[in-house]
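Worksheet: the structure to be examined is printed underneath.
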Amino acid sequence: MTLSLYNTLTRKKEPFAPIEQSNVRMYVCGPTVYDFAHIGNARPAIVFDVLFRLLRHVYGPEHVTYVRNITDVDDKINARAAERYPGLAPEAGIRKLTEETAAQFHKDIAALGVLPPTHEPRATENIAQMVEIIVALLAKGHAYVAAGEVLFDTSSMADYGQLSKRNLDEQQAGARIEVEAHKKNPGDFVLWKLSEPHEPGWESPWGRGRPGWHIECSAMSARYLGQVFDIHGGGLDLIFPHHENEIAQSRCAHGTPVMANVWMHNGFLQVEGEKMSKSLGNFITINDLLATKMFGGSQWHGRVVRWAMLGSHYRQPIDWTVDRLVQARATLFELSFLRDAPVAGQPHPEVVAALSDDLNTPSAISIIHGLAKSAHRNGDAAAQLKSTLQFMGLYGNETQEELNPGFVARSVDTAAVEGLITARLAARKAKDFKESDRIRDALAAMGITLKDSKDPATGEIVTSWEVAR
RNA sequence: GGCCACGUGGCGGAGUGGUGACGCAGCGGACUGCAAAUCCGCGUACCCCAGUUCAAUUCUGGGCGUGGCCUCCA
């Protein structure tokens, strides 16, 4: 089976061929840790987690290296830390803020079934590597010092703009923002800038300062994956300027023809048909979905969020709606019959094939629906379905109560339910259907749905119950 | 102004140059004391206009609409 992936660099779907079969290398831009991660941040985390799982399946778990960084040096972080921890020294406040936010991020995406990457480097632990790259860029004439900054000289790179297909000469320079006078070209970007005493800073050949945004990814990817690696991923919005500038820095510093062979970008997300923004009041964090009833008046299990996210192809735009979550939850409810099934090991080949076609998760889910039909009657099929779902991170043996956290808050009195069921069975046996229906209605009012079935061996009626949808 | 996506039935959402994926909801039936679950079956779609073609939802051009980037926003 061939794995094919859509490459932003060529705007085509291409067969994937790793540089080394024994070490497939992927880098994905991680979060800037100054606030709760929003639902848009969850998309690349989930999408590239699926790719990580697929690569591990194809090449073997020990032959895949996945790096997702944490950006913990950033002016937004500085501002937020000063605001939240005015009593602390800047460095202490920043450390506290970034550690708390990173911990929350880990908690959030773990709930979404996202596996930890192989390495999760932090920008602040790679300053020396960044300085090295900047030194090399200066030495090779790709960078210059001006007004207390080190800047990348975009005119020094003949094929700058390949990824975003942008020709900087044709861009309207200064259309939206005034060109800063010290730049040689409007598109030049900061590699290093000097820090004021109250700002965080590191010593460098150019004085105490801090790195620009793009340089960290160049430094960390080279450190953990080498100067040329296989896959680089992130959100659509990162194509320009972030990834374009990463490419410029890395290639010019290392003298390589490419930085990564395949560039992948996930599509954007809207909320109920509108752009997500704080001003519209529809800004929604992962934590809001998991732990509050802000969205649709319900809490949502991480597995439900993941299912809803993978219902769309990763490059398509996705409209995040309550209805979408409701449907995802209903599907997972239906799959909860798998709780009793054993796990069979390998994921279903058709599902792997669908994922191998540029991560076609909607197609994979369609195949899963087909598998579910036979799984109802066939124990082997159930086991394979279960392992397939676990492979995709879509199943964790959750109970229906767990899948419906809002319901748990109302709390089910299991003993009372069991007692009523026993009473109903007795009434049924006595053909007192009026009483038996009364009990069932009473349970329904409590949010309990009953299912009668016959024990195949004895012919006895057995009643099970579940949380109503 | 430049660049880039997207527009499929009530909803979600794949895919394809030619017999209408799949799921949810809906409808009919089987099963059930009645239900639920399960099983069987059914319906409605490809933004608009041209062009290419024997044939276009699928290719080309134009239009309209939505979104993104061009400002360290996934």
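With n ≥ 4 as the cut-off for DSSP H runs, can you work out [θ] at 222 nm for chain A, using -39500 (n - 2.57) per run divided by the number of residues, rounded to the nearest 500?
On the way: 16 runs with 191 residues, N = 469.
The per-residue figure over chain A is -12500 deg cm²/dmol.
Sketch the reach of a paramagnetic label on A:V258 as a point 7 Å from Cα along Cα-to-Cβ, and name the residues of region A:14-47 whose backbone nitrogen lies under 14 Å away.
So the set is A:14-20, A:25-27.
Please give, to one decimal in nm, the separation of the simple spin-label points placed at A:E418 and A:Q327, each 7 Å out from Cα toward the Cβ.
3.8
Give me the one-decimal Kirkwood hydrodynamic radius in Å for region A:4-266, with the sum taken over alpha-carbon pairs.
19.3
Grab the Cα-Cα distance for A:E272 and A:K76, subtract it from 0.36 nm times how many residues apart they are, and report the gain in nm with one decimal.
67.8 nm
In chain A, what % of DSSP beta bridges are antiparallel (nearest 5)?
Here the share of antiparallel DSSP bridges comes out near 55 percent.
Hey, how much of the P(r) for region A:412-467 falls beyond 13 Å, as a percent of Cα pairs?
Counting every Cα pair in region A:412-467, those more than 13 Å apart make up 59 percent.
Counting only residues 5 or more places away or on other chains, whose amide H sits under 5 Å from the amide H of A:A260 once H atoms are built in the peptide plane?
Counting only residues 5 or more places away or on other chains, the set is A:F229.
Ordering A:D357, A:D72 by accessible area with a probe of 1.4 Å, largest first, what comes out?
Listed by decreasing accessible area, they come as A:D357, A:D72.
For region A:112-119, what does the Karplus curve 6.51 cos²θ - 1.76 cosθ + 1.60, with θ = phi - 60°, yield as ³J(HN,Hα) per residue in whole Hz, taken in order and with x for Gly and Pro?
For region A:112-119, the Karplus-derived couplings read 8, x, 8, 6, x, x, 5, 10 Hz, x marking Gly and Pro.
Among the aspartates and glutamates, which have Cα under 16 Å from the Cα of A:K183 when same-chain residues fewer than 8 positions away are ignored?
Within the straight-line limit of under 16 Å, A:K183 reaches these aspartates and glutamates: A:E149, A:D153, A:D169.
Enumerate the calculated ³J(HN,Hα) couplings along region A:30-36 in order (Karplus 6.51 cos²θ - 1.76 cosθ + 1.60, θ = phi - 60°), each rounded to whole Hz, writing x wherever the residue is Gly or Pro.
x, x, 8, 8, 10, 7, 3
Taking amide H atoms as placed 1.01 Å from N in the peptide plane, list the residues 5 or more away in sequence, or in a different chain, whose amide H sits under 5 Å from that of A:V24.
A:V64, A:T65
Using the 2.2 N^0.38 Å rule of thumb for compact globular proteins, work out how region A:1-101 stacks up: its C-alpha Rg over that value, please.
1.44
In Å, what Rg and Dmax follow from the Cα atoms of region A:50-198?
Just the Cα atoms of region A:50-198 yield Rg and Dmax of 19.7, 52 Å.
Once you have all Cα-Cα distances for chain A, histogram them in 20 Å bins from zero and send the whole-percent values.
21, 48, 23, 7, 1
List the residues, sorted by chain then number, that are 5 or more residues from A:V33 or on another chain and whose placed amide H is less than 5 Å from its amide H.
A:T71
Go through region A:214-230 residue by residue and turn each phi into a ³J(HN,Hα) via Karplus (6.51, -1.76, 1.60, θ = phi - 60°); whole Hz please, and just put x for glycine and proline.
Running phi through 6.51 cos²θ - 1.76 cosθ + 1.60 with θ = phi - 60° gives 6, 5, 4, 6, 4, 5, 6, 5, 5, 5, 9, 10, x, 6, 10, 9, 7 Hz.
Among residues other than A:A17 whose Cβ falls under 14 Å from its Cβ, what is the net charge (Lys/Arg +1, Asp/Glu -1)?
Value of the local net charge: -1.
Please list, or write none, the lysines whose alpha carbon is within less than 19 Å of the alpha carbon of A:K96, excluding same-chain residues fewer than 8 places away.
A:K76, A:K107
Sorted by mean Cβ packing within 10 Å, highest first, what order do the peptides A:320-330, A:221-231 take?
Packing order, densest peptide first, comes out as A:221-231, A:320-330.
Kindly report the accessible area of region A:4-266 per residue (heavy atoms of protein chains, probe 1.4 Å, no ligands, DNA or RNA), in Å². Don't skip to the answer; put the middle values down first.
Values: 11100 Å² over 263 residues.
Accessible area per residue: 42 Å².
Based solely on C-alpha atoms, express the radius of gyration and the Dmax of region A:214-354 in angstrom.
19.7, 56
Pop a pseudo-label 7 angstrom from the Cα along the beta-carbon direction at both A:K12 and A:V462 and give the gap in nm to one decimal.
Using points 7 Å along Cα→Cβ, the separation is 5.7 nm.
The values are calculated or read from the model by the stated rules, or taken from the named source; none is laboratory data. It should be emphasised that the depicted structure is a prediction, and the values quoted were computed from it without experimental measurement. No Cβ is skipped: glycine too gets one built from the backbone with ideal geometry, and neighbour counts run over all protein chains shown. Note: areas computed on protein heavy atoms with side chains; ligands, DNA, RNA excluded. Shrake-Rupley method; radii C 1.70, N 1.55, O 1.52, S 1.80 Å.
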